[in-house]
Amino acid sequence: MAGSRRERELAKQKLQRQLDKQAATATKSRGRTIAVIAGVVVIALIVIGAVIAKANSGSTTASRPTPTISSAPVAYKCTPVTKLQTVAKQYPNGPENITLAQGLTLGVKLKTNCGDITIDLESQSAPENTKALIFLANTGASQVLVPGDQNSGVRQVEGYFDNTACHRLTTAGIYVLQCGDPTGTGGGGPGFKTKDENLTALGTGSSVIYPRGIVAMANAGPNTNGSQFVIVYKDSPLPPNYTVIGEVTKGLNIVESIAKGGVQGGGTDGNPKLSLILKKVDSFQTQSVNNPNIIGGKAG
């Protein structure tokens with residue numbers, strides 16, 4: 001019995017040593033597995049972090065190249081104009097001899113250093129202001145002198161709008177480019193004033209929307225229209241105090257390109273950074289039966 005007891009004790013101890021050894025081996029193996037998994041996780045996190053960092057670096061303002069503004073909208077191949085008018089010619093009698101053709105679409109074409117801008121005029125609802133713009137557009141047409149004059153013949157006279165700069169751009173609240181002042185100050189005029197017309201064309205109330213493409217006369221108060229006008233390049237809320245004179249039917253993208261250049265000095269109202277020069281303004285008439293709808297969305 002004693003021998004059997006001793007043998008059983010030794011067998012039990014041997015079994016315990018084997019179990020302890022197996023447990024130690026398993027613990028060591030699990031440690032190696034955990035270490036491997038942890039290493040894989042760390043590497044994965046490093047890779048993911050690098051990818052995110054790269055993605056974020058591409059979307060930050062600091063890492064993007066600063067956009068540059070060309071001295072002129074390349075798409076329109078603007079040409080430099082070295083000589084500008086600085087004096088507003090005076091015509092005290094105004095457009096008294098102008099007669100508007102009936103049943104035709106009347107307009108003016110602004111031949112600028114960046115391309116042509118066509119404006120169809122509201123000759124029926126704003127006849128006096130239409131006459132004024134047509135008169136001023138034709139002051140530079142070839143003129144035949146009186147026979148017998150020592151200088152008789154045909155000569156080209158510089159027109160009121162010829163080589164004048166659009167002098168004011170607004171880029172907040174209202175969105176207009178203002179042109180038509182040879183002095184470039186906003187204070188010049190042709191020596192005559194026309195009455196307000198077509199004020200309710202866009203609605204009534206304290207404020208209405210002047211839609212993109214609309215052309216309106218600038219003024220210094222009631223019935224003080226002269227030669228200055230604004231081209232609306234984005235819908236703008238304004239009091240209905242400005243004569244709606246027409247609509248841009250071609251070339252509005254040129255004005256929008258000038259507007260994208262911003263205002264000199266970084267403000268929101270002032271001289272545009274990019275120069276739009278009216279090299280010549282011509283009037284025209286077409287055989288259209290109906291005048292264009294001023295809210296027709298034809299601005300190009």
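Quick note: the coordinates plus some simple rules give every number you see, no bench work behind them. Just so it is clear, the model here is predicted, and its values are computed rather than measured. Cβ coordinates were reconstructed from backbone atoms using ideal geometry, including for glycine residues, and neighbour counts include every protein chain displayed.
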| message | Using a 10 Å cut-off around each Cβ, can you sort Glu158, Glu122 from fewest to most neighbouring Cβ atoms? | response | Glu158, Glu122
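Contour minus end-to-end for Glu158 and Gln285, with contour as 0.36 nm per residue of separation and end-to-end as the Cα-Cα distance?
Details: separation 127, 0.36 × 127 = 45.72 nm, distance 2.18 nm.
Result: 43.5 nm gained on full extension.
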| According to the square roots a ≥ b ≥ c of the eigenvalues of the Cα gyration tensor, what is the shape class of segment 74-286, taking rounded for a/c under 1.5, prolate for a/b larger than b/c otherwise, and oblate for the remainder? | oblate
| task | Tell me the label-point distance for the pair Ala220, Ala172, using the 7 Å Cα-to-Cβ offset, in nm and rounded to one decimal. | result | 2.7
| task | Would you mind ranking Val208, Val87 by Cβ crowding within 10 Å, fewest neighbours first? | result | Val87, Val208
| query | Each label point is 7 Å from the Cα along the Cα-to-Cβ direction; what then is the distance between the points at Asp235 and Glu128, in nm? | reply | 3.2
| request: May I ask you to compute the full-extension gain from Thr79 to Leu104, defined as 0.36 nm times their residue separation minus their alpha-carbon distance, rounded to one decimal in nm? | output: 5.7 nm
| query | Tell me, Ser275, Ser207 in order of fewest to most beta-carbon neighbours within 10 Å? | reply | Ser207, Ser275
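Quick one: net charge around Gln124, please, counting Lys, Arg +1 and Asp, Glu -1 for every other residue with C-beta under 15 Å from its C-beta. Don't skip to the end; give the middle numbers.
Values: positive: Lys131; negative: Asp120, Glu122, Glu128, Glu197, Glu247.
Net charge around Gln124: -4.
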| field | Net charge of Cβ neighbours under 13 Å - reference Phe284; Lys, Arg +1; Asp, Glu -1 | value | +1
| Local charge sum around Arg168 (other residues, Cβ-Cβ under 11 Å, Lys/Arg +1, Asp/Glu -1)? | -2
